[in-house]
Amino acid sequence: MLLEFSCSNHKSIKDKVTFSLLAGSDNTFEEHLKVHDSFRVLRTAVIYGPNGSGKSNFLSAIAFVSSLVATSINNQPGQGVFQARHKLSEPGSPSEFAVQFMHDEIRYAYGFSVVQNKIDNEYLYYFPKGRQVKIFERDGITVKPGDRYKSAFDISTTILKDNRLFLSCAANYSNVKEIEDAFIFFTREIVVYNPTINNWTEYSVSLMQENAQVKDLFVKILQSLGTGIKDVKVRMEKVDLSELPQETMLPEAIRSLIGNNDVNKVDAKVIYDDFEVDLVSEESEGIKKLFQLICPIIDILDSGKILICDEIESSLHESVVFQIIQLFMNYKKDAFAQLVFSTHDTSLLDSDLFRRDQIWFTQLKEDRSTDLYSLTEIRNVRKTENIAKGYISGKYGAIPMLNKAFFDNLGH
């Protein structure tokens, strides 16, 4: 479970912002929460704000941390760590990231900072029986293990460089369970989806081909969304490039670079009452998007992972997004998957769908840096309030559109 994430000096985010999935005092929809010790944890959260206010930048910070943990072990000498500083931050100022999360019912706290394209400091603690225990602290390339781990990191420290996270090094060159669990959280349990980058169609087809239960559940979900789909037929196989259909053939210049390697050939048919259509060449963008998303979502729900999704409504009808949110809120209570997403769709701003502590906003401050805050931080917001109307009118800040005066001035 993701509990809290904070960052500073990352893209449009200059000063520290903190996002939390810990429930507040509101007792709405208590049945949707996960209770652990004194924590009540939310399953879903949504981020609203105008274009350019930093929604995507905040979600990209989570993706950056996850990716750096997974890959920094491979960084070579002289290869700097990417630091996306705010344009107005002072040269040499750190970009800082901190995460609190749960893995196997134990809370962890992890963080690091990047200064001038190098890892400046890093730490990992965990809280067995509620008490903080240091696993390691790192300053520059000097690592101070906790008392329980004095000799556990001897090999890991020898491969540490200023462009590598120690968590990444220790996960590969030590046998510390707590290190492995933290590493797995970032590399397997956080799933980042960006509609402009990701295409999960092959993964979805592979899942359905290997597991009939996944395919059956996929079809049931499509039917529940009112698509009119009766069934799907899928097949994926390795073929030589020359065997691909002409319409999917790569240009000769690219084929010469790739060589004669095998590629995946995807054959997917969508079956309706009286006809079937080819997914790739004939189906709508909305159905293609469902093919990309639903099977990975099934895996995320079954495994209790965290889906981070930027602009979830892209190519999807608002009713479909509503159903996906409901899936995360109600699916298999013991698995506790989480969904954190950004959107412009104000129809989802409904107190019958979200608690106030699940709704977040981004807006630009006077220095054009991103501010991130929850609806609970705004005074005098009633549980029964029309949140969509309040948002559109600018009551909560983060005004989603240009104000009326702008359009009035255009007429003069």
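The values are calculated or read from the model by the stated rules, or taken from the named source; none is laboratory data. As the structure is a computational prediction, the values presented were derived from the model and not from experiment. Cβ placement follows ideal geometry from the backbone for every residue including glycine, while neighbour counts extend to all protein chains displayed.
A few remarks follow.
- Note on segment 241-287: among residues that are of a type in the set (Asp, Glu) and at pLDDT 85 or above, the one that is surrounded by the most Cβ atoms within 10 Å (Cβ to Cβ) is 283.
- Any chance residue 281 is more than 18 Å from the chain's Cα centre (by Cα) and of a type in the set (Ser, Thr, Tyr): yes
- Only one of the listed residues (3, 42) is at pLDDT 95 or above and within 30 Å of residue 164 (Cα to Cα). That residue is 3.
- Only one of 238, 220, 215, 230 that is modelled with pLDDT of 85 or more, under 32 Å from the mean Cα position of the chain (by Cα) and surrounded by fewer than 11 Cβ atoms within 10 Å (Cβ to Cβ): 220
- Residue selected from segment 306-325 under the condition farther than 23 Å from residue 34 by Cβ and of a type outside the set (A, V, I, L, M), by the criterion surrounded by the fewest Cβ atoms within 10 Å (Cβ to Cβ): 319
- Residue match in segment 30-38 (condition: in contact with a Gly (Cβ under 9 Å, 6 or more places away or on another chain) and among the acidic types (Asp, Glu)): yes
- Residue identified as within 26 Å of residue 213 (Cα to Cα), in a loop (DSSP other than H, G, I, E, B), aliphatic (A, V, I, L, M) and modelled with pLDDT under 90 among 316, 293: 316
- Residue check, residue 35 surrounded by fewer than 17 Cβ atoms within 10 Å (Cβ to Cβ), part of a strand (DSSP E or B) and not charged (D, E, K, R): yes
- Residue count, segment 19-59 (criterion: of a type in the set (Val, Ile, Thr) and at positive phi): 0
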